[in-house]
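To keep things clear, I will list the structure first and then write my remarks on it.
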Amino acid sequence: MSSYKLIYFNGKGRAETARFMFAVAKQEYEDKRVSGDEWAEVKKSLLFGQVPVLEVDGVQLTQSCAINRFLAKRLNLYGNDDMEAAKIDQVCEALVDLGIVLRDCLHEQDEDRKKMLHKKLLETQAPRHFAGLVKLLDANGGDGFFVGNKVSLADLDAASYFLDMVTRVPDLKLNEPKLVAHLERMKAIPELADWLKKRPESPF
Ligand SMILES: N[C@@H](CCC(=O)N[C@@H](CS)C(=O)NCC(=O)O)C(=O)O
């Protein structure tokens, strides 16, 4: 049995999908949240000087998407075959694209440019990504999962984005009823509901 240690800040961000997978799969792990005081020293020990990092039996893996795929394979959350795995990747990559524009908008310092990015996100980019995700849900029956007939990394990654990332942008609403219903289905998974109840308070 492998041992897992997930290293991140006290935040949801790029680590929360992995935490969702650990919860749903009922897999034990160490949830190491690096404090501001520890960060400079920890950073030196990391391949790219960034988190999240997953230590598997002492071996360090970096890059959140690689970590998520590795865990999804290990925890049986990566579909039933290659085609399902590719469809799961498709959802996750769309969420990465959405995450890039969300972060650009959140972190922009120039007020005029921030306004422009915010407008573009609300009027163009979020609706386009939401609509694509609804099409994928519809293509898979509409009222279940993004891919196949069981929960996967795709569903948990979407839940993490829609619960946490999207809500950080003022006025950005998950205004697609099918995505809202999907999120509610994910929140109702008992192991995930339990994690959502007990997860630490965090600033992001
Ligand atoms: N592509 C990387 C990006 C990692 C990243 O940007 N990590 C941020 C936290 S979300 C970080 O470590 N920031 C602190 C730093 O760069 O010093 C991934 O997906 O894991």
Accessible area of the range 82-188 divided out per residue, in Å², using a probe of 1.4 angstrom: 51
If you take the C-alpha gyration tensor of the chain, multiply each eigenvalue by 5 and take the square root, what semi-axes do you get, largest first, in whole Å? 26, 24, 15
Find how many whole Å separate the alpha carbon centroid of the range 118-167 from the alpha carbon centroid of the range 5-33. 21
Of the listed pairs LYS120/LYS197; LYS12/LYS32; LYS114/LYS198; LYS87/LYS120; LYS32/LYS150, which have alpha-carbon separations greater than 23 Å here? LYS120/LYS197; LYS114/LYS198; LYS87/LYS120; LYS32/LYS150
Output ordering of 30-42, 142-154, 84-96, 112-124 (per-residue mean of other Cβ within 10 Å, highest first) is 142-154, 84-96, 112-124, 30-42
Convex hull around the C-alpha positions of the range 82-188: the volume in Å³ per residue is 86
Taking the Cα centre of the range 82-188 as the origin, how large is its charge dipole in debye, to the nearest 20, when only Lys and Arg (+1) and Asp and Glu (-1) carry charge on their Cβ atoms? 260
Can you give the helix-only mean residue ellipticity at 222 nm for the chain, where every DSSP H stretch with n ≥ 4 adds -39500 (n - 2.57) and the sum goes over all residues, rounded to the nearest 500 deg cm²/dmol? -16000 deg cm²/dmol
Calculated FRET efficiency for the pair GLU108/LYS198, C-beta based, R₀ 41 Å, to 0.05: 0.75
Identify all lysines with a Cα-Cα distance to LYS119 below 19 Å; exclude those on the same chain that are fewer than 8 residues away in sequence. LYS173
Alpha carbon convex hull of the range 87-149, volume per residue in cubic angstrom: 69
Distance between modelled label sites at SER2 and MET83, nm, 7 Å Cα→Cβ extension: 2.8
In Å and from the alpha-carbon atoms only, list the Rg and Dmax of the range 48-94. 11.8, 35
For the pair VAL56 and LYS115, the simple spin-label estimate (label points 7 Å beyond Cα toward Cβ) gives in nm 4.8
Just the projected area, averaged over all directions, of the convex hull on the alpha carbon atoms of the range 127-204: how many nm²? 5.4
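The values are calculated or read from the model by the stated rules, or taken from the named source; none is laboratory data. Computed from a predicted model, the values in this text were never measured in an experiment. Backbone-built Cβ (ideal geometry, glycine too); neighbour counts: all protein chains shown. Each accessible area value is taken on the protein alone, full model and side chains, heavy atoms only, with ligands, DNA and RNA left out. Shrake-Rupley method; radii C 1.70, N 1.55, O 1.52, S 1.80 Å.
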